[in-house]
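The values are calculated or read from the model by the stated rules, or taken from the named source; none is laboratory data. These figures come from a predicted structure and were not determined experimentally. Cβ coordinates were reconstructed from backbone atoms using ideal geometry, including for glycine residues, and neighbour counts include every protein chain displayed.
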Amino acid sequence: MENNIIERLSIDTGVSATFLEEALTKDVTTLEAIFDLVDNSIDAARDWLIANKCNRGKDNLPLTYDGFYVCIRIDEDSIRVLDNCAGIDRETLTKRALYTNKPSQHEYGIGLYGIGLKRSLLKMGTDFSFYVDDGIEGFKSRFNNRGIGGGKEDPVYADVIPTKNRRKSLFNVSNLKNEIKNDLHNNRWFTNAVSEFSLRYAIYVRKGFKIVLHHVKNNVREPIKSVAPSLRTKCEFPPTQEVIKFDGVDVIIETGIHNEYTFPGEDNYSLANNRKLTDYFGIYFSCNDRVIVSASTEKSHGWKTKWHSEYNGYVCWVKFVSKDAALLPWNTAKTGLRTDSSLFLAVRDRLQPIADNYRSIIKQRYYNKKKDTPQNPVKGDNKGIPGGEGGDKVTNAGANTGPAAVRPIKPIKPVRPKARPVTDLPRNRDIFVDWGRNTVDVPKYRNKEYHIFVELCNLSSLDEPISCIVMLRVFLETTSKETMKCMNANWNKSLAKNTAFIAQYLNKNNFITDSVKLLVERYGRTDEETLLSINNIQSLVHSVDFNTDKTLVNRYWDDLEPFLSGCWRFIKEIDDKKNSMAN
């Protein structure tokens, strides 16, 4: 019997007009919604600067945003965001600005048109308008939450108007939701907003970008100031820098002393000022100059020990930079890091040794030097002792406070570390090659390579860090060339590619482990990788602002030692085979 079709029904497979609004805004705060609008303004400014061939730093980010501004105006039942950055062009407005989740087209961006803009509008109110002008033509529009909330009943249109020859964007949100109004008109919320803006956009503000929070009802106008710390350059511990490259993301780790922090014995030492700075010590993370985490001493961010007063003044900047913002390890609200991402995990374990090196050097160059000079201290005055300042994050419970703590100490003449220590040494050791763990064995009959290795083993990473790096590079390249000869392989001009090729071969033949292979491949992933690039070594040698500290240098050896050991075990095996055949 045939099935007779009586009627065809249309089945609705869409979403309700409120679904997108609820899904996008559920976990976003009022302040984060405003941040999204400011992020879009900064992206527009950066696009204009890059298009006009602005001066950029080594990280490829603009050096200055002078002349650009954004003003956030809060009225009784509306909020407006005005900027002079770049406006929005016709193509972006019609196809991207309010289209959900299209990939960002901003180079080194911090906002995503379609998510950030739409999320901000839907979070704060129900009625919207904008006027934008990119200097070529202007556009204005009025619409409501139904038009951008997922439904199709209320399409959004924009009127094209003549340009006023000034780049401008003005977004207005009215008929604010009660939750938003309660926040905006709360004095504590406003004070916190000023503080958060001063931190989140600190790098942009320092580069000249102006942000103003204007609360009309309360008659308050607050220009935002940068509060994120920079690093002291004129001191006993100049800033150190390490650059790591991961598949489209540069990670720049800069470490040093807070630019306003001083030590006992310095001419401008101020205990009162130091106490004001305690909340600013720790690790800072930024993505394309947008500060994501500040002054962290959390285990999840790489701080693995209890805070001690000897870390006072410590500031570490971890800057993630990428042309593609989607590669950065931040959450969608840009308020936290994805601490489970492989990129972040690769960086996290490097941070505690850097902090420990800071603590060690500060004790040696400031406090030990102070103790070496006989004084007539007042009994019980412990200001010159680490932890004696007060106002620190954690009091040094182990510091002595009695007369023994201030007794003059006889100067001790520094002793150069021995070339062959008998015990394992930590990464903040003073000697480069840790003979307690070294497994590299270069035979004496390999005359040239043997003497290069001997010279390397006699270097001090404390006194001769640059020499350590240069000699390690020489030894690494020499070892790699000899290994390639034993493999009957042709030498490629790129040391990075050669070491990666060797690592794969040695791993396949059980001379090195999988983890060592992966580490070497990471070192050799790009020709610009530190140690595998002559340009990087030259930049370290000639750098004015940055010094190479022993922790960084020692880590290079500790990372590459298993690979070098595998190379020489392979070379010796081939040499032995050749000798046995000759006999």
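Note on segment 272-287: residues that are without any contact (Cβ under 8 Å) to a residue 40 or more places away in the chain and small (G, A, S) amount to 2. Count of segment 255-271 residues, restricted to those that are out of contact with any Pro (no Cβ under 6 Å at 6 or more places or on another chain) and surrounded by 19 or more Cβ atoms within 10 Å (Cβ to Cβ), is 5. Residues that are outside any helix (DSSP H, G or I) and aromatic (F, W, Y) were ranked within segment 320-374; the one that is modelled with the highest pLDDT is F320. Residues that are of a type in the set (K, R) and out of contact with any His (no Cβ under 6 Å at 6 or more places or on another chain) within segment 214-241 comprise K217, K225, R232, K234, listed in sequence order.
In segment 59-69, the condition of being crowded, with 22+ Cβ neighbours inside 10 Å, in the same structural domain as W189 (by TED's automatic domain parsing) and within 17 Å of A193 (Cβ to Cβ) is met by no residue. In segment 24-58, of all residues being of a type in the set (A, V, I, L, M) and within 22 Å of the chain's Cα centre (by Cα), the one that is surrounded by the fewest Cβ atoms within 10 Å (Cβ to Cβ) corresponds to I50. Mind listing whichever residues of segment 171-229 are acidic (D, E) and touching an Asp or Glu at 6+ places or on another chain (Cβ under 9 Å)? Hits for segment 171-229: nothing passes.
In segment 286-308, the qualifying residues are those that are of a type in the set (G, A, S) and surrounded by fewer than 22 Cβ atoms within 10 Å (Cβ to Cβ), and the one that is nearest to V38 (Cα to Cα) is S294. Inspection of segment 208-221 finds a residue satisfying the criterion of being among the aromatic types (F, W, Y), buried (at least 17 other Cβ atoms within 10 Å of the Cβ) and within 26 Å of the chain's Cα centre (by Cα). Within segment 118-127, does at least one residue satisfy the condition of being within 21 Å of I203 (Cα to Cα), surrounded by 18 or more Cβ atoms within 10 Å (Cβ to Cβ) and at pLDDT 90 or above? No, because not a single residue in segment 118-127 is within 21 Å of I203 (Cα to Cα), surrounded by 18 or more Cβ atoms within 10 Å (Cβ to Cβ) and at pLDDT 90 or above. A residue that is at pLDDT below 90 and outside any loop (DSSP other than H, G, I, E, B) occurs somewhere in segment 307-316. Among the residues of segment 244-291, those identified as assigned to a strand (DSSP E or B) and either polar (S, T, N, Q) or in the same structural domain as F209 (by TED's automatic domain parsing) (or both) are T255, S286.
Taken over segment 268-311, the criterion of being farther than 14 Å from L199 by Cα and touching a helix residue (DSSP H, G or I) at 6+ places or on another chain (Cβ under 6 Å) is satisfied by G302, K304, E310, Y311. Close Cβ contacts (under 9 Å, 6 or more residues apart or on different chains) running from residues in segment 288-316 that are in contact (Cβ under 8 Å) with a residue 12 or more places away in the chain and over 25 Å from T262 (Cα atoms) to residues that are surrounded by fewer than 21 Cβ atoms within 10 Å (Cβ to Cβ) and hydroxyl-bearing (S, T, Y) comprise I292/T335; S300/T339; H301/T339; G302/S296.
Here is the figure for segment 459-482: residues that are in a loop (DSSP other than H, G, I, E, B) and surrounded by fewer than 16 Cβ atoms within 10 Å (Cβ to Cβ) total 1. Looking across segment 163-173, the residues that are buried (at least 18 other Cβ atoms within 10 Å of the Cβ) and within 16 Å of I34 (Cβ to Cβ) come down to S169, F171, N172, V173.
Taking the numbered list (1) touching a residue at least 40 places away in the same chain (Cβ under 8 Å); (2) under 16 Å from S294 (Cβ atoms); (3) surrounded by fewer than 19 Cβ atoms within 10 Å (Cβ to Cβ) in turn, R200 passes all entries but (3). Could you tell me whether segment 237-248 includes any residue that is touching a Leu at 6+ places or on another chain (Cβ under 8 Å) and on the phi > 0 side of the Ramachandran plot? Within segment 237-248, one or more residues are touching a Leu at 6+ places or on another chain (Cβ under 8 Å) and on the phi > 0 side of the Ramachandran plot.
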